[in-house]
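Read the figures in this text as sums done on the coordinates, not as results from a lab. What you see is a predicted model; the values in this text were computed from it and never measured. Neighbour counts run over all protein chains shown; Cβ positions are idealised from the backbone, glycine included.
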Protein chains: 2
Amino acid sequence: MAGANPFIKQYLMTAGPTPVPPRVQAALAEPVVYHRAPDFDALFARVLARLPGVFQTGNDVIVLTSSGTGAMESAVANLVRPGQPILACAGGKFGERWLELGEAFGADVLAHEPEWGARIDPADVDRLLAGRPEIEVVFATLSETSTGVVHDVRGLAEVARGHEVLLVVDAISGLGATELRQDEWGVDVVVAGSQKALMCPPGLGFVSASQRALDFAAARPAPRGAYYFDWARAIAEQRKRVPATPFTPAVSLVKALDVALELIEEEGLDRILARHDLLARATRGGVRALGLDVFGDPDERSTVVTAVELPDSIDGGQVPRLLRERGIVANGGQGQLQGRILRIAHCGYFGAFDVVVSLAGLELALQELGADVELGAGVAGAQQVFAEAGIPVA
Amino acid sequence: MAGANPFIKQYLMTAGPTPVPPRVQAALAEPVVYHRAPDFDALFARVLARLPGVFQTGNDVIVLTSSGTGAMESAVANLVRPGQPILACAGGKFGERWLELGEAFGADVLAHEPEWGARIDPADVDRLLAGRPEIEVVFATLSETSTGVVHDVRGLAEVARGHEVLLVVDAISGLGATELRQDEWGVDVVVAGSQKALMCPPGLGFVSASQRALDFAAARPAPRGAYYFDWARAIAEQRKRVPATPFTPAVSLVKALDVALELIEEEGLDRILARHDLLARATRGGVRALGLDVFGDPDERSTVVTAVELPDSIDGGQVPRLLRERGIVANGGQGQLQGRILRIAHCGYFGAFDVVVSLAGLELALQELGADVELGAGVAGAQQVFAEAGIPVA
């Protein structure tokens with residue numbers, strides 16, 4: 001369990017936690033503030049005013065001190081009671097978390113689990129809901145980090161509306177990195193976390209719930225199974241003249257978030273999404289130039305994380321270790337994909353040359369493992385995409 | 001909702017969040033690390049090895065990404081099922097949280113609520129448990145921050161053992177600032193948070209649960225009402241060869257905690273408790289010298305926070321504002337004690353001259369409000385106690 005080589009410069013290239021901009025990092029080191037004093041009040045009000053823009057919603061966005069999974073749990077705890085039928089869709093490890101959460105809270109879980117890497121087909125969900133009209137809540141994922149697949153949330157929302165059921169979407173790894181128009185698409189609940197495209201350290205969870213979802217939660221019979229994660233309590237505090245949290249929030253992380261949201265506002269959501277799209281296309285260009293394939297549904301190409309299928313000829317499980325020896329911390333495959341993929345992240349505070357670093361590292365690792373690889377070929381493939389895109393004009 | 005005057009130096013004098021040592025602050029600004037890579041593994045293993053020393057226990061201490069209230073919720077979610085009878089003791093706002101949590105989770109709550117400021121009498125708890133032999137879990141508080149009273153946890157643990165019930169103690173504001181010998185006293189579950197005597201920003205919760213408590217939780221029928229806060233899941237991850245967390249932890253806060261625990265180890269728990277005792281005695285000396293009283297049970301004197309009864313002759317609700325205008329952020333009274341007390345904190349990263357600052361500020365505020373106060377008298381009362389104690393020898 002030795003740490004990383006302290007003499008090697010470190011490059012954080014994971015899909016979460018993601019690297020944090022220097023200004024955000026500096027905010028973390030500012031003195032701790034009391035959460036019920038004017039300085040924090042002003043800061044928290046600013047954060048609450050800015051968050052809905054990222055969700056593209058008019059809802060209040062609830063700020064929780066928890067991992068993203070805590071925010072997911074809040075959705076189950078507020079919307080589901082023991083014995084209640086729900087539909088949970090999973091095409092990878094994070095989708096499966098909805099199943100596990102539903103079961104932990106005693107729901108009657110109808111699991112829709114096409115294989116890992118599949119993109120949930122809204123038509124399948126339509127069929128499943130038609131067969132179980134008693135279901136009132138559906139759970140799904142925006143970007144499935146374990147497989148690099150971004151699901152068709154817009155299509156799922158249409159189906160949900162058709163059946164008059166609530167759609168809850170885990171957007172932890174996708175929000176701010178791929179399109180999600182909550183209000184326009186009619187997504188009832190969007191859950192997010194601080195440590196992905198929101199460019200903060202982990203430790204804050206977010207929930208944007210429509211009035212319909214809040215009313216549905218309020219109408220559930222007690223006991224709620226939620227106190228710390230009670231939406232109504234949080235909303236009531238946030239809507240006060242001086243917005244507050246029911247419990248001591250992670251003030252340092254909220255300070256960091258304030259700076260990150262300022263950066264997001266400065267860059268602009270459209271430009272941010274375009275940047276992610278370019279980074280993803282360049283990554284795919286590099287992968288193709290190496291003669292490798294992208295894992296998962298071929299009709300969908302994620303702007304959040306690119307899962308590269310590793311050659312069968314090598315011991316793929318060694319790739320993350322070989323990258324780490326060179327200072328790059330990157331994600332291999334999880335669960336059933338262990339050793340089969342490398343995930344190249346481009347979510348949040350990532351730029352063109354981060355893609356170059358990841359591909360250059362991958363090439364070196366592949367060579368060391370005996371794969372047939374031309375050093376620089378993947379990098380050149382990515383460069384070609386960047387060259388065609390030109391330098392972005394502000 | 002204007003912020004504090006930016007030209008006035010700020011002094012954080014609250015009982016939580018508490019001020020954070022410079023080395024801890026600096027750790028917060030370090031680059032974000034991936035939570036499943038060797039650097040974090042080594043750091044987290046170090047944190048897990050050090051935490052039990054502060055709890056004075058041989059238990060694994062569970063690290064949660066949440067406020068202290070999240071850690072409290074975990075105790076209820078793991079130990080209590082709807083309809084289950086519990087005893088919840090409350091002598092202030094934070095004790096009342098146990099009642100609210102019990103009710104939120106559908107427990108049959110027997111509430112023991114002497115007035116705010118009272119110290120829970122173990123004999124009363126003994127009597128209540130004798131009358132309700134079906135009760136298996138009792139909830140209590142170590143340091144009641146709202147009133148400045150430290151409860152007799154040792155006595156409560158003796159009573160709990162006599163009835164063979166589990167005792168769960170919220171030690172959020174007291175752990176590391178006042179005596180709590182978990183194993184020696186036989187306290188089954190101790191809950192804590194990062195933002196008090198552990199000298200970190202808020203955002204981490206801790207649970208030290210005895211094997212008896214873990215077995216009791218495991219024997220509860222599903223649904224658990226806990227997934228994010230499931231103790232068994234957290235313990236299983238923490239006990240792996242490479243200790244981990246089930247969900248992405250607040251890595252920046254864990255880094256800060258690593259440094260804070262190092263500082264605690266360097267100072268030594270005995271010396272830390274002696275320092276808190278001295279700071280509290282000096283504060284009381286200052287309060288007495290001002291002709292004021294300490295609020296709450298006269299037989300108990302907290303080493304965590306001193307609640308000062310404000311003179312009836314003044315508008316006590318103005319004191320926090322007047323302090324704030326001078327740069328001091330301090331806690332007035334909450335709930336029914338609003339306007340009646342000022343709480344002088346000395347919990348965590350506090351030294352002699354922080355007590356001096358708080359008392360000097362209080363004197364100025366009292367004078368402005370028209371109270372009969374001799375400037376410097378309270379400060380001198382505290383100085384007298386420090387002078388008698390001499391300079392601590394390392």
(request) Using label points projected 7 Å from each Cα along Cα→Cβ, tell me how many nm separate residue B:26 and residue A:183, to one decimal. (result) 4.7 nm
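Once you charge only the Cβ atoms, +1 for Lys and Arg and -1 for Asp and Glu, what is the size of the charge dipole of the stretch B:268-389 about its Cα centre, to the nearest 20 debye? Write down the numbers at each step before the final one.
Values: 11 positive and 16 negative charges, 80 e Å.
In debye, rounded to 20, the stretch B:268-389 gives about 380.
What full-extension length gain, to one decimal in nm, is calculated for residue B:236 and residue B:368 as 0.36 nm per residue of separation minus the Cα-Cα distance? Please report the intermediate quantities before stating the final value.
Values: separation 132, 0.36 × 132 = 47.52 nm, distance 5.73 nm.
Gain on stretching residue B:236 to residue B:368: 41.8 nm.
Given R₀ = 60 Å, FRET efficiency for residue B:389-residue A:299 by Cβ-Cβ distance, to 0.05?
Working: r = 74 Å, r/R0 = 1.24.
Taking R0 as 60 Å, the efficiency between residue B:389 and residue A:299 is 0.20.
Which of rounded, prolate or oblate describes the stretch B:120-268 when judged by the alpha-carbon gyration tensor and an a/c cut-off of 1.5? Intermediate results must be reported in sequence, preceding the final value.
Values: a/c = 2.20, a/b = 1.28, b/c = 1.73.
Since a/c reaches 1.5 but b/c is at least a/b, the shape of the stretch B:120-268 is classed as oblate.
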(message) List residues of the stretch B:270-301, by number, whose backbone nitrogen lies under 13 Å from a label position 7 Å along Cα→C-beta of residue B:380.
(response) B:286, B:289-291
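Using Cα pairs under 8 angstrom and six or more residues apart, how large is the relative contact order of chain B, in percent?
Numbers: 826 pairs, mean separation 87.6, N = 394.
Over chain B, the number comes to 22 percent.
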(message) Going 7 Å from Cα along the Cα-Cβ axis for the label, what nanometre distances separate residue A:387 from the same residue across the other copies?
(response) 8.1
(request) Specify whether the C-alpha gyration tensor of the stretch A:47-172 places it in the rounded, prolate or oblate class, a ≥ b ≥ c being the square roots of the eigenvalues: rounded for a/c under 1.5, otherwise prolate if a/b is larger than b/c and oblate if not. (result) rounded
(request) Amide H neighbours of residue B:141 under 5 Å, at least 5 residues apart or on other chains, H built in the peptide plane: list them. (result) B:170
(message) Give me a comma-separated list of calculated 3J(HN,Hα) values for the stretch A:282-295, in order, Karplus coefficients 6.51, -1.76, 1.60 applied at θ = phi - 60°, integers in Hz, x for any Gly or Pro.
(response) 5, 4, 5, x, x, 4, 4, 5, 8, x, 9, 10, 8, 6
(request) Take the alpha carbon atoms of the stretch B:315-345, find their center, do the same for the stretch B:280-313, and report the distance between the two centers in whole angstrom. (result) 14 Å
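How crowded by other chains is A:99-110, given as the mean number of beta carbons from other chains within 10 Å of each beta carbon? Intermediate results must be reported in sequence, preceding the final value.
Working: counts 0, 2, 2, 2, 4, 10, 6, 5, 1, 0, 0, 0.
Mean inter-chain Cβ contacts per residue within 10 Å come to 3.
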(message) Once R0 is set to 22 Å, what does the formula 1/(1 + (r/R0)^6) return for the Cβ-Cβ distance between residue B:265 and residue A:326, expressed as a FRET efficiency to the nearest 0.05?
(response) 0.05
(message) Going by amide H atoms built from the backbone, whose H comes under 5 Å of the H on residue B:166, apart from near neighbours?
(response) B:137, B:138
(request) Mind running the shape call on the stretch A:7-55? Use the C-alpha gyration tensor, a ≥ b ≥ c as the square roots of the eigenvalues: rounded below 1.5 for a/c, prolate if a/b tops b/c, oblate otherwise. (result) oblate
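Ignore the peptide's own chain and count Cβ atoms of other chains within 10 Å of each Cβ in B:173-182; give me the average, rounded. Numbers along the way, then the final one.
On the way: counts 0, 0, 0, 0, 0, 0, 0, 0, 0, 0.
Mean partner-chain Cβ count within 10 Å for B:173-182: 0.
Just checking the output field for B:244-257: average partner chain Cβ neighbours within 10 Å of each residue's Cβ?
Taking the mean over all residues of the peptide, I get 6.
Using the Cα centre of chain A as the reference point, and only Cβ charges (+1 on K/R, -1 on D/E), how large is the resulting charge dipole? Debye, rounded to the nearest 20.
Here chain A has a charge dipole of around 1120 debye.
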(request) Can you tell me the 0 to 90 degree angle between the C-alpha axis of helix A:352-368 and the longest principal axis of chain A, rounded to 10? (result) 60 degrees
(message) Give me a comma-separated list of calculated 3J(HN,Hα) values for the stretch B:10-19, in order, Karplus coefficients 6.51, -1.76, 1.60 applied at θ = phi - 60°, integers in Hz, x for any Gly or Pro.
(response) 9, 10, 7, 10, 9, 7, x, x, 9, x
(request) Please report, in Å, the Rg and the Dmax of the stretch B:233-347, where both are computed over Cα atoms only. (result) 19.8, 63
(message) About the Cα centre, and with charges only on the beta carbon of Lys, Arg (+1) and Asp, Glu (-1), how big is the dipole of the protein assembly as shown? Nearest 20 debye, please.
(response) 860 debye
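Given the C-alpha atoms of the stretch A:289-366, compute the convex hull and give its volume per residue in Å³. Kindly include the intermediate steps, with their values, before the conclusion.
On the way: hull volume 8.0 nm³, N = 78.
So the per-residue hull volume is 103 Å³.
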(message) Which residues among the stretch B:329-354 fall inside the zone where the amide N is under 17 Å from a point 7 Å beyond the Cα of residue B:5, along Cα→Cβ?
(response) B:329-330
(request) Give the Rg (one decimal place) followed by the Dmax (whole number) of the protein assembly as shown, computed from C-alpha coordinates and expressed in Å. (result) 27.0, 87
(request) For helix B:68-79, report the angle its Cα long axis makes with the longest principal axis of the Cα atoms of chain B; keep it between 0 and 90° and round to the nearest 10°. (result) 30 degrees
(message) Place a point 7 Å from Cα of residue A:164 in the direction of its Cβ. Which residues in the stretch A:86-113 have their backbone N less than 20 Å from it?
(response) A:86-87
(message) Compute the angle between helix A:251-267 and the longest alpha-carbon principal axis of chain A, please, reported from 0 to 90 degrees and rounded to the nearest 10.
(response) 70 degrees
(request) Inverting the mean 1/r over all pairs of different Cα atoms, compute the Kirkwood radius of the stretch B:22-265 and quote it in Å. (result) 18.0 Å
(request) Would you pull out the residues with amide H under 5 Å of residue B:62's amide H, same chain only if 5 or more places away, H placed 1.01 Å from N? (result) B:207, B:208, B:209
(request) May I ask you to evaluate 6.51 cos²θ - 1.76 cosθ + 1.60, the Karplus curve with θ = phi - 60°, for each residue of the stretch B:210-220 and list the ³J(HN,Hα) values in order in whole Hz, giving x for glycine and proline? (result) 5, 4, 4, 5, 5, 5, 4, 4, 5, 7, 5
(message) Please report the spacing between the Cα centers of the stretch B:65-84 and the stretch B:242-272 in Å, no decimals.
(response) 23 Å
(message) Going 7 Å from Cα along the Cα-Cβ axis for the label, what nanometre distances separate residue A:267 from the same residue across the other copies?
(response) 4.0
(request) Pick out, from B:155, B:198, B:358, the residue whose Cα sits farthest towards the positive end of the charge dipole of chain B, with +1 on the Cβ of Lys and Arg and -1 on the Cβ of Asp and Glu. (result) B:198
